[in-house]
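Here's the structure, in structure tokens; my notes come after.
The values are calculated or read from the model by the stated rules, or taken from the named source; none is laboratory data. Keep in mind the model is a prediction, meaning the values are calculated, not measured. For neighbour counting, all protein chains shown are included, and Cβ atoms are generated from backbone atoms with ideal geometry for every residue, glycine included. Note: accessible area is taken over every heavy atom of the protein model, side chains too, but ligands, DNA and RNA are not part of it. Shrake-Rupley method; radii C 1.70, N 1.55, O 1.52, S 1.80 Å.
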Amino acid sequence: MVHFVGAGSGAPDLITVRGANRLREADVIIYAGSLVNPELLSYAKPECEIHDSAYMTLEEVLEVIQKAEAEGKMTVRLHTGDPSIYGAIREQMDQLDEMGVSYDVCPGVSACFGAAASLNLEYTLPTISQSLIITRMAGRTDVPEKESIESFAAHQTSMGIYLSAGRLEELAKRLMDGGYPADTPAALVYKATWPEEKSVICTLETLAEAGRRENITKTAIVLVGKTVAQRGYERSKLYDPGFTTEFRQGTDTAEK
């Protein structure tokens, strides 16, 4: 069997308990060496066979899995962050279906959540933003036309933008062209939750300059929106003494 496991955003102790157990049990681990913290491999048993997929094609990954299956071994496919976000797991699953190999997925902490934790951010502040858009700019992999940076920027909600740190000037311009004001708060977080993490709070207008100043060109996430500033919001109704819930009678019993 193959277990797709989310390694988390970087810190080795941010992997889930289930994910760590899968690593301990694995006979074969295929990990995304370009992004996964190698410290996570310390969970593996000494005799575990380990492959770095940064140097492998999809076909080579499948060949390793097929061999492990023939030998009755359990494989962990260790992906950075959460496998469901830019993990290219569907194409692997489709091939495993054809091969008759069973699999499951163990979620992980994605970079946008690791970055939020590092900066003590909440993306969903009442009256400021109640949505989080996760996206990326088009590169060698296209983005559907209806999912352009400009179209998402028109909502002016919280955004976590992956795989775009090398083109910050273009990114900032497109976000502003789409509707965000130039003074919209932004953050650039390099290797969120890793020991070498670096973060910069800025605005869209100063985003590109901040990236140049800090020499951040890859392995970083861009956060955009008023929630980055963490001010100007209204108190949540959930803990308001006047708000009645299923579990607590509020002082104001009027329906809201």
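Laid out as a table, the results:
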{"quantity": "For GLU197: the one exception among (1) acidic (Asp, Glu); (2) modelled with pLDDT under 95; (3) closer than 26 Å to SER110 by Cα", "calculated": "(2)"}
{"quantity": "Any hit, segment 245-255, residues being of a type in the set (Phe, Trp, Tyr) and either within 26 Å of GLY179 (Cβ to Cβ) or touching a residue at least 24 places away in the same chain (Cβ under 8 Å) (or both)", "calculated": "no"}
{"quantity": "In segment 44-72, residue nearest to ARG18 (Cα to Cα) [restricted to those that are small (Gly, Ala, Ser) and surrounded by fewer than 15 Cβ atoms within 10 Å (Cβ to Cβ)]", "calculated": "GLY72"}
{"quantity": "Pairs with Cβ under 7 Å, 6+ apart, first in segment 73-95 and within 19 Å of LEU23 (Cα to Cα), second small (Gly, Ala, Ser) and surrounded by fewer than 24 Cβ atoms within 10 Å (Cβ to Cβ)", "calculated": "THR75/ALA68; LEU78/ALA32; HIS79/ALA32; HIS79/GLY87; THR80/ALA32"}
{"quantity": "Any hit, segment 210-222, residues being in contact with a Cys (Cβ under 8 Å, 6 or more places away or on another chain) and not in a strand (DSSP E or B)", "calculated": "yes"}
{"quantity": "Some residue of segment 217-234 being free of Cβ contacts under 8 Å to residues at least 12 places away in the same chain, in contact with a strand residue (DSSP E or B) (Cβ under 8 Å, 6 or more places away or on another chain) and open to solvent by 10 Å² or more (accessible area, probe 1.4 Å)", "calculated": "no"}
{"quantity": "Every pair of residues 6+ apart whose Cβ atoms lie under 7 Å, when the first sits in segment 168-195 and is on the phi > 0 side of the Ramachandran plot while the second is in a loop (DSSP other than H, G, I, E, B) and open to solvent by 50 Å² or more (accessible area, probe 1.4 Å)", "calculated": "GLY179/ALA154; GLY179/GLN156; LYS191/GLU197; LYS191/THR219"}
{"quantity": "Strands (runs of 3 or more DSSP E) enclosed by segment 16-114 - at least 3 residues per element that are within 25 Å of ILE221 (Cα to Cα) and at pLDDT 95 or above", "calculated": "75-79"}
{"quantity": "Any strands (runs of 3 or more DSSP E) falling wholly within segment 115-190 and containing at least 3 residues that are acidic (Asp, Glu) and either open to solvent by less than 60 Å² (accessible area, probe 1.4 Å) or in contact with a helix residue (DSSP H, G or I) (Cβ under 6 Å, 6 or more places away or on another chain) (or both)", "calculated": "none"}
{"quantity": "Residue list for segment 191-200, filter: among the hydrophobic types (A, V, I, L, M, F, W, C) and either open to solvent by 10 Å² or more (accessible area, probe 1.4 Å) or within 22 Å of GLY232 (Cα to Cα) (or both)", "calculated": "TRP194, VAL200"}
